[in-house]
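One structure is given below, encoded as C-alpha cells.
A short reminder: the numbers here are calculations on the coordinates, not readings from a lab. Keep in mind that what you see is a predicted model, and the values were worked out from it rather than measured. With ideal geometry, Cβ positions are generated from the backbone for all residues, glycine too; neighbour counts draw on all protein chains shown.
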Amino acid sequence: MSMQQSSQPGSAPVRSQSLERMIRLRRSATNHLVTGVAIVSTIVVLTPLVAILGYLLLKGASSLNLAFFTRPPMPVGMPGGGMANAIAGSAAVLGLASLLGIPVGIGAGVYLAEYARGTRRGAIVRFTADVLNGVPSIVMGIVAYALLVAPEHHFSGMAGGVALAIMMVPTVARTTEEMLALVPNPVREAAFGLGIPKWRTVLSVSLRTASPGIITGCMLAFARVAGETAPLLFTAFGNQFWSFDLNQPIAALPLQIFVYAVSPYDEWHRLAWAGALVLMVMIMASVTLVRIFADRGVLKGGS
Amino acid sequence: MEIPPAMAARATPAEQGSSVIRSFLQKKSSGRMADGVFAGLMLICALAIFGIVVLILLMLIDQSRLSIHAFGLRFFINRVWDPVTGKFGALPFLYGTVLSSLLAVCMAVPLALAVAIFLLDVCPRALRGPISFLTELLAAIPSVVYGLWGIFVLAPIIRDYVGPVLIRYLGWTGLFVAPDFGVGMFTAGVILAIMIFPVISSISRDVMRVVPVSQREGVLALGATRWEMLRIGVLRNARMGIIGSVILGLGRALGETMAVTMVIGNHPGMEKNLLAPGYTLASVIANEFTEATGDLYLSALIEIGLALFLVTIVVNAVARLMVWAVTRGNPGSVQS
C-alpha cells in the first residue's frame, strides 16, 4: 500500500516531510522485522533436527556394542542381546523390494522420458505416480496383507517386500524420468545417426549417460523405504529369532525399534535407541552420497 | 525420434568392397521387432503405476465389503468404537486425524514459508547449500525415529514445561486443560509439524523460484524494500503453488502413522482439549489390525484404510494440480 502511494508522482508535494519519513521508517522496519523472523524461524526449525540427532548419538552410541550386531534379542529380563536378526531381516525384505520395485520404476521412467515426453499420456502417468507417492504407507501394508497374507493364512517377509516395492515404484520412476530428461538430445541423435535402433539407444546411450543420477535416485528410494515401519506391521510382522525364510514372518529393524520403544523395559528402550542410530546412519550415509553426486553435476557433459 | 527410412535406403547402394559389411548388416534384423518389444515393456511398466492404484482401490473395496454393508455411510458419523459388542464407528478417528493434521499445518506453514524466504533471499550464498541440506535431512529421518524421540524427549518436555504454560495462559480457551500426560493431540501435532515442514518448505521454495526475475526487478525498480518485493512480486505470483504445497503437507500429515501412533495416546475420544489423548485413522489400523478378531472387525479397519486412501488421493491430486499450475514447464523436485 505505502509503496503504491509514494510511487504516485502527484501525491509527493501534498504530503508533509515528517509523514514521508514516518512511512519510510515503517517500511524499512517491516523489512527488517521480516528478515529477522525468517532468520529466527530457520533456527527454530533446525533445533529439533539437532535435538533428534544429538539424542540419537548420545543414547544410541552408549548402547551400541558388538553384541548388537551379532546376536538376536534376548528374552525379557536378561541383559545383552542385539538386533542382528532384524538387520539381516531388513536386508532380505529390502533386497526383495528393490528387485521388484526398481526395474518397474526405471521402466516407467524410461517410458515417460523417451516415449511419452510432452504427450498427454505421459502427463497422466506422471500425475498418477505423484499421487501414488502421497498414499500413506499403511495402506500399502493393507494391500499386501490382502494379496499375500490373508490367502496364505500366515505373515511373510514376501508380503513386506511387495508392500515396500509398491512404494518404491513412483519415486524411482520420477527420478529416472528427470535424469533422462537431462540427457542432451544430440547424444541420442548421434546414436540414431549411426543406425542404432531405438531400444539399443535407450539402453546404451540414454540410460548409460544418466546412470549416476538414476543410481542415486534408486538409493534415495531405498533409503526412504528402509525406515518404513507401517507397511511391515502386518506383513513381515517381526520375529524374535533368526530367519531368512521369506515365506515366514521375518524381523525388520524399524519394526523392532517400534516394538522396543513402546515396551515398558529400560533394556529394550536402550536397544531401540541403538537400533534407531544404526538406521539413521545407514539412511544418512546414502542421502549424503546422493547429495555429493548431485552437487558434482549428475551427468558428465550434460547440459 | 524414429529412424528416418531414407537412412536405410541410402545404406543399400553400398560399394562392392563392403559387401561383407552389407551382408552382415542385412543378416542382422532391422531391430523393428526388438524396438516394438522394448517399447511395449516400458509401456507395461508405466501402466503398472495405474495398475497399482486400481489394485489398491479394488483390494480395499473388496476387503471392506462386510463393513460397508453392515454400517453404510453411518460408519463415519458413528461415535462408538466397541469391538467387543461389534459396534464400529470411525468418527473419533476422523476427528483425531483432521485435528492433529490441522494443528500440524498451522504450526508448520508460517515456519516453512519463513525458511523458504530465508533460503531464497536472505541467506548468504555460502550457507544456502548446507541449510537446505539440513532441512532435507529432516525429511529423511524415518517416522519411527521421530516416534522414539517423541516418546522419550518431546513428550516429557511438553508435560513438564510447555503444558503448564499453555494451561496457565491459554486454559481459558478450553483448548488446554489439565491433566497433561505429555502424550496427546498437541504432541502429535508438534511431531507432525516437524515432519511435514520439509515438504512445504522445499516445494514452496521451488514454486517461488520459478517466478520470473522480471517480476522481482519490476517491483524493486519502483523502490520497494525486499519484503515488499517478496510480497508483491513473489508471494502473490506464487500463491497458488504455495497453497498447493501446504495441501501436500496436509496430505502427508493425514496419512502419517508410526510417529503419531507413538505419541497421540491412542484413546478414541473426541475432546476439545488438545492435551487429551486421541486416536487417528492410520494409528487405529496400525494398533489393532493384527489383533482384530472376527471378520467384521478386520473389515471395519480396512474400510478405515479405504477412507484414508481416497482422502489422500483427492488431497494429493488437488495439491499437485495447484503446484503444476505455477511450475508448468519446470519439473518440480521428486523428493516430496
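Step by step: first the residues of the stretch A:220-239, then only those that are of a type in the set (Gly, Ala, Ser), more than 7 Å from every other protein chain (Cβ to nearest Cβ) and not in a helix (DSSP H, G or I), then the one that is farthest from A:Leu147 (Cα to Cα). Which residue is that?
At the first step, the residues of the stretch A:220-239 found to be of a type in the set (Gly, Ala, Ser) are A:221, A:223, A:226-227, A:230, A:236, A:238.
After this cut, where a residue has to be more than 7 Å from every other protein chain (Cβ to nearest Cβ) as well, the list is A:221, A:226, A:236, A:238.
From the residues that got through so far, the ones that are not in a helix (DSSP H, G or I) too are A:236, A:238.
On the way: A:Ala236: 13, A:Gly238: 19 Å.
That would be A:Gly238.
Condition check ((1) in a helix (DSSP H, G or I); (2) within 29 Å of A:Ile214 (Cβ to Cβ)) across all residues:
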site: A:Arg24; (1), (2): yes, no
site: A:Ala29; (1), (2): yes, no
site: A:Val34; (1), (2): yes, no
site: A:Ala38; (1), (2): yes, no
site: A:Pro73; (1), (2): no, no
site: A:Ile87; (1), (2): yes, yes
site: A:Leu96; (1), (2): yes, yes
site: A:Val104; (1), (2): yes, yes
site: A:Ala108; (1), (2): yes, yes
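Being within 8 Å of chain B (Cβ to nearest Cβ) and either under 30 Å from B:Met322 (Cβ atoms) or not in a helix (DSSP H, G or I) (or both) narrows it down to one residue among A:Val143, A:Val172; which is it?
Numbers: A:Val172 fails: within 8 Å of chain B (Cβ to nearest Cβ).
Exactly one of A:Val143, A:Val172 is within 8 Å of chain B (Cβ to nearest Cβ) and either under 30 Å from B:Met322 (Cβ atoms) or not in a helix (DSSP H, G or I) (or both), namely A:Val143.
Spot the failing condition for B:Val284; the list is (1) free of Cβ contacts under 8 Å to residues at least 24 places away in the same chain; (2) surrounded by 22 or more Cβ atoms within 10 Å (Cβ to Cβ), and only one is missed. Here B:Val284 meets the rest and fails (1). Right, B:Gly174: more than 24 Å from A:Gly60 (Cα to Cα), in contact with a Lys or Arg (Cβ under 6 Å, 6 or more places away or on another chain) and in contact (Cβ under 8 Å) with a residue 24 or more places away in the chain or not? Taking the combined requirement at face value, the residue satisfies it.
Assess whether A:Leu279 counts as being more than 7 Å from every other protein chain (Cβ to nearest Cβ), closer than 30 Å to A:Thr176 by Cβ and among the hydrophobic types (A, V, I, L, M, F, W, C). In short, no. In the stretch A:14-44, the residue that is nearest to the chain's Cα centre (by Cα) out of those that are under 12 Å from B:Phe118 (Cα atoms) and within 7 Å of another protein chain (Cβ to nearest Cβ) is A:Thr42.
For the stretch B:47-84, a tally of residues being surrounded by 15 or more Cβ atoms within 10 Å (Cβ to Cβ) and not in a helix (DSSP H, G or I) returns 4.
Would you mind finding the one in A:Ala210, A:Ala251, A:Ala236, A:Ala230 that is surrounded by 19 or more Cβ atoms within 10 Å (Cβ to Cβ) and within 17 Å of the chain's Cα centre (by Cα)? Before the answer, list the steps.
On the way: A:Ala210 fails: within 17 Å of the chain's Cα centre (by Cα); A:Ala251 fails: within 17 Å of the chain's Cα centre (by Cα); A:Ala236 fails: within 17 Å of the chain's Cα centre (by Cα).
Testing whether each residue is surrounded by 19 or more Cβ atoms within 10 Å (Cβ to Cβ) and within 17 Å of the chain's Cα centre (by Cα) leaves just A:Ala230.
Per the listing A:Val281, A:Val225, the residue uniquely among the β-branched types (Val, Ile, Thr) and crowded, with 17+ Cβ neighbours inside 10 Å is A:Val225.
In the stretch A:94-113, the qualifying residues are those that are under 17 Å from the mean Cα position of the chain (by Cα) and either without any contact (Cβ under 8 Å) to a residue 40 or more places away in the chain or closer than 26 Å to A:Leu255 by Cα (or both), and the one that is nearest to the other protein chains (Cβ to nearest Cβ) is A:Gly105. Residues that are farther than 24 Å from B:Asn316 by Cβ and crowded, with 21+ Cβ neighbours inside 10 Å within the stretch B:228-249 comprise B:Glu228, B:Met229, B:Leu230, B:Gly233, B:Val234, listed in sequence order. Condition check for B:Leu99 on (1) within 30 Å of A:Ala272 (Cβ to Cβ); (2) outside any helix (DSSP H, G or I): one failure, at (2).
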